[in-house]
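All remarks here apply to the structure that follows.
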Ligand SMILES: CCCCCCCCCCCCCCCCCCCCCCCCCCCC(=O)SCCNC(=O)CCNC(=O)[C@H](O)C(C)(C)COP(=O)(O)OP(=O)(O)OC[C@H]1O[C@@H](n2cnc3c(N)ncnc32)[C@H](O)[C@@H]1OP(=O)(O)O
Ligand SMILES: NC(=O)C1=CN([C@@H]2O[C@H](COP(=O)(O)OP(=O)(O)OC[C@H]3O[C@@H](n4cnc5c(N)ncnc54)[C@H](OP(=O)(O)O)[C@@H]3O)[C@@H](O)[C@H]2O)C=CC1
């Protein structure tokens with residue numbers, strides 16, 4: 001019998017960020033392994049014309065929840081959506097809902113955050129710091145609360161090279177920043193942001209670091225743990241391999257490379273690609289929830305959920321495997337045949353951006369314009385290059401994260417729990433994982449049918465022929481112009497003909 005699964009039975013669990021990438025996998029696993037849990041409260045805001053209930057139904061009826069619908073047919077009744085906006089005071093939760101949450105909640109998983117790298121500092125502070133502070137305040141009023149699990153990121157201290165499972169202080173106290181945000185106008189925030197952020201590369205990582213400090217300072221008597229995942233990727237095993245549903249991190253790059261837009265990226269092939277499958281993160285999260293509630297460690301424990309020190313893979317190996325998977329499983333509607341490489345220095349990057357990215361986009365836009373359609377490729381390419389520039393920081397460096405607490409927890413689990421809540425990343429076969437990842441991007445993110453693979457391969461052959469034709473015509477024109485202007489070229493030409 002799994003101790004962890006049994007622990008969540010009969011519990012009332014509060015989840016923030018439940019509609020996000022990690023949140024959905026967390027609810028899925030909870031409902032599948034502990035179908036007898038009492039209720040999962042999820043804090044959701046209405047969005048894009050969808051009511052709360054529509055958003056929940058969308059999740060429950062999705063492919064990800066296929067197994068849950070079998071194991072727990074009354075899953076609709078287990079999930080109780082509570083209207084909330086984490087940017088508002090008291091999260092804009094109604095009095096009755098708040099009362100229920102305060103009196104019933106046993107466990108909190110705080111996943112909500114803004115993960116945009118370029119978010120305005122004010123907004124990133126609001127969601128990643130102030131909302132965390134407010135949730136902790138709510139937690140302090142919950143008599144039945146057993147554990148508060150905060151999801152942070154392994155990159156909250158990316159200004160350091162070696163990172164231990166401790167909280168590192170930021171130079172300015174989060175409380176001071178929260179207070180200042182109330183009276184600083186946007187112009188002041190913009191001016192002061194680079195100074196506050198120092199050597200943090202973006203507002204996301206900086207505010208996640210502040211969020212951790214808030215957790216430490218406001219923990220009071222609460223039973224808290226922090227989980228720091230690195231770059232979270234598609235599912236490895238559960239509920240099925242390769243599930244992914246957003247364009248964040250590597251996903252967007254895989255799409256861009258597979259469709260032939262991405263031709264070159266500035267990355268160090270030997271730098272560690274610290275990817276971690278989302279199901280591994282969720283297994284660790286549930287194990288930490290159990291351990292924190294049952295063993296009640298004296299201090300707040302931090303768990304690194306990373307792969308680099310136990311089973312490293314580098315960007316070179318990952319890139320090669322991604323490209324070789326495209327041979328077997330091509331994406332539909334490719335712009336060019338997938339082929340990309342890593343560049344190292346700034347001059348090459350500028351050259352490749354001009355020749356391999358911008359020029360083909362412009363040529364294609366001219367073709368669209370000439371055929372009476374709206375040019376769109378240059379805009380898309382500019383967006384891609386902007387995204388790449390934001391990711392570059394993370395693919396040109398390596399970090400070392402110690403994983404003592406994570407390994408300690410693994411040794412505390414029964415063999416049954418080690419199997420059901422497996423977070424031992426040493427068992428991960430990277431080549432197999434990446435192949436499933438690319439397949440998952442095709443199936444679940446791009447929603448492409450496997451039956452379309454022969455047509456996609458034929459399209460790539462056509463693109464190859466267009467490429468050869470284009471190069472031949474280009475070469476002939478260039479050579480003709482050269483012969484017309486240069487005596488040496490003429491001599492070479494006559495020599496060849498002779
Ligand atoms: C040895 C030699 C070997 C040779 C081999 C060569 C191999 C070559 C490469 C092959 C393939 C590559 C495979 C692997 C390499 C990949 C590298 C990946 C690096 C990953 C690093 C991640 C670091 C993460 C560190 C921290 C982790 C975390 O804690 S949190 C999660 C990370 N967060 C994010 O990823 C969010 C990042 N995103 C943003 O900040 C913003 O979206 C943005 C700033 C990038 C863009 O903002 P903008 O306002 O312009 O756009 P937005 O409003 O967001 O979207 C507008 C529309 O654009 C679409 N969109 C968004 N992102 C992408 C994208 N990446 N690709 C395509 N389209 C995208 C979006 O859907 C919107 O569309 P519409 O709704 O239709 O308008
Ligand atoms: N993905 C990754 O690679 C990594 C993620 N993490 C951490 O994991 C956690 C989850 O990330 P991930 O699932 O990828 O993020 P997503 O962007 O997929 O999800 C974010 C969640 O937060 C919710 N949210 C945002 N703003 C509000 C608001 N004002 N009120 C209520 N809810 C809100 C979103 O709701 P809505 O659907 O309404 O927008 C969504 O459910 C974060 O804390 C992140 O820092 C850490 C390391 C890596």
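The values are calculated or read from the model by the stated rules, or taken from the named source; none is laboratory data. Bear in mind the structure is a predicted one, so any value in this text is a computation, not a measurement. Note that we place each Cβ from the backbone using ideal geometry, even for glycine, and neighbour counts take in every protein chain shown.
Some observations on this one:
- Helices (runs of 4 or more DSSP H) within the stretch 272-376 that include 3 or more residues loosely packed, with under 15 Cβ neighbours inside 10 Å: 315-328, 346-352, 359-370
- Residue in the stretch 32-47 that is loosely packed, with under 15 Cβ neighbours inside 10 Å and within 13 Å of ligand 2 (Cβ to nearest atom) present: yes
- Residue list for the stretch 388-405, filter: under 21 Å from the mean Cα position of the chain (by Cα), in a helix (DSSP H, G or I) and surrounded by 18 or more Cβ atoms within 10 Å (Cβ to Cβ): 388, 391, 394, 395
- Selection status of residue 447, at pLDDT 95 or above and surrounded by fewer than 15 Cβ atoms within 10 Å (Cβ to Cβ): yes
- Within the stretch 251-269, the set of residues being away from ligand 2 (no atom under 16 Å from the Cβ), assigned to a helix (DSSP H, G or I) and more than 17 Å from residue 392 (Cβ to Cβ) comprises just one member, 258.
- The helices (runs of 4 or more DSSP H) falling completely within the stretch 142-217 that include 3 or more residues that are surrounded by fewer than 17 Cβ atoms within 10 Å (Cβ to Cβ) map to 174-183, 186-197.
- Pairs linking a residue in the stretch 297-323 that is under 30 Å from residue 222 (Cα atoms) and away from ligand 2 (no atom under 16 Å from the Cβ) to a residue that is modelled with pLDDT of 95 or more and in a strand (DSSP E or B), with Cβ atoms under 8 Å and 6 or more positions apart or on different chains, are 297/225; 300/224; 300/225; 300/226; 301/225; 301/226.
- Some residue of the stretch 17-28 being closer than 16 Å to residue 286 by Cβ, more than 12 Å from ligand 2 (Cβ to nearest atom) and not in a loop (DSSP other than H, G, I, E, B): yes
- Residue within the stretch 210-232 that is more than 16 Å from ligand 1 (Cβ to nearest atom) and under 22 Å from the mean Cα position of the chain (by Cα) present: yes
- Complete set of residues in the stretch 87-101 that are buried (at least 16 other Cβ atoms within 10 Å of the Cβ) and without any contact (Cβ under 8 Å) to a residue 60 or more places away in the chain: 91, 93, 97, 98, 100
- Meets criteria (in a helix (DSSP H, G or I) and assigned by TED's automatic domain parsing to the domain that holds residue 182) for residue 32: yes
- Residue check for residue 390: closer than 30 Å to residue 279 by Cα and either in contact with a helix residue (DSSP H, G or I) (Cβ under 6 Å, 6 or more places away or on another chain) or modelled with pLDDT of 95 or more (or both): no
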